[in-house]
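**Q** So that we are looking at the same thing, I have put the structure below in structure tokens.
Nothing in this text is a laboratory measurement; each read-out follows from the coordinates by a stated rule. Not measured: the values here are computed from a predicted model. Glycine gets a Cβ as well: all are built from the backbone with ideal geometry, and neighbour counts include every protein chain shown.
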Amino acid sequence: MTDPIVTRDSGILDSKYYVKIQYRVKVVGGPILKGAPSPELMDFVTGFGHVIPGLEKRLLGHRLGDKLSFVVPPHEGFGERFDELVFEKKREDFRFPVGLEPYPGMELPMVSDNFAAPDTVIIREVRDDSIVVDCNHPLAGLSLEYDLEIVEARPARDTDMCAEWEEKVQDCDAGCSCSPHEIVLPGEQEKS
């Protein structure tokens with residue numbers, strides 16, 4: 001992969017561009033998720049999937065000092081919500097430490113050999129003999145409203161990146177679906 005040609009007026013590019021934003025994000029019609037009471041700082045390098053696709057996409061072409069407000073729909077954020085990812089398991093299938101009682105909203109680590117599986121699941125309901133868990137991302141199905149200012153934007157330096165990022169992108173160019181925000185349901189691969 002060759003480095004992009006950067007001109008003074010090109011703005012943020014879709015690959016190997018270091019970006020730092022001061023931002024506030026909230027669920028449309030809902031609570032502020034980050035940046036209350038004052039905006040937070042976040043930095044990343046474009047092209048590696050470190051932020052939701054809808055955020056990175058809306059920064060492309062913009063420059064240092066630009067102030068932006070926009071809404072990212074679910075399919076460009078944390079994905080749609082799927083009822084199939086909410087299921088019930090026998091209580092005996094879980095191994096809680098002695099004295100720890102499961103409760104709705106509790107996050108549990110998930111171990112899976114499926115690269116697209118989430119790292120955690122959320123307990124939605126605790127029943128007498130079973131527990132209902134949700135594998136959807138907590139923000140799945142929600143539109144997100146951003147207000148931000150670009151406080152730094154420049155071509156990425158070697159010190160801004162990690163060699164493993166390049167390897168992951170090259171592996172994914174070979175045909176995998178590697179968005180950290182995308183869950184592939186059984187049968188979905190055949191449809192694409």
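**Q** Give me the distance in nm between label points sitting 7 Å out from Cα along the Cα-to-Cβ direction at VAL132 and VAL86, one decimal.
**A** Once both label points are built, they end up 0.6 nm from each other.
**Q** Per the Kirkwood definition applied to all pairs of different Cα atoms, how many angstroms is the hydrodynamic radius of the range 83-134? The partial results should precede the final answer.
**A** Values: mean 1/r = 0.0858 Å⁻¹.
Averaging 1/r across every pair of different Cα atoms and inverting gives 11.6 Å.
**Q** I've got another one for you. Report the net charge of residues surrounding VAL86, where surrounding means a beta-carbon distance below 12 angstrom and charges are Lys +1, Arg +1, Asp -1, Glu -1.
**A** Working: positive: ARG81, LYS89, ARG124; negative: ASP83, GLU84, GLU88, GLU125, ASP134.
Net of charged neighbours comes to -2.
**Q** Give a residue-ordered list of calculated ³J(HN,Hα) values for the range 51-63 (Karplus: 6.51 cos²θ - 1.76 cosθ + 1.60, θ = phi - 60°; whole Hz; x for Gly, Pro).
**A** So the J values, rounded to whole Hz, are 10, 4, x, x, 6, 4, 4, 6, 8, 4, x, 7, 10.
**Q** Give the residues of the range 119-157 whose amide nitrogen is closer than 16 Å to a point set 7 Å from the Cα of TYR103 in the direction of its Cβ.
**A** 122-127
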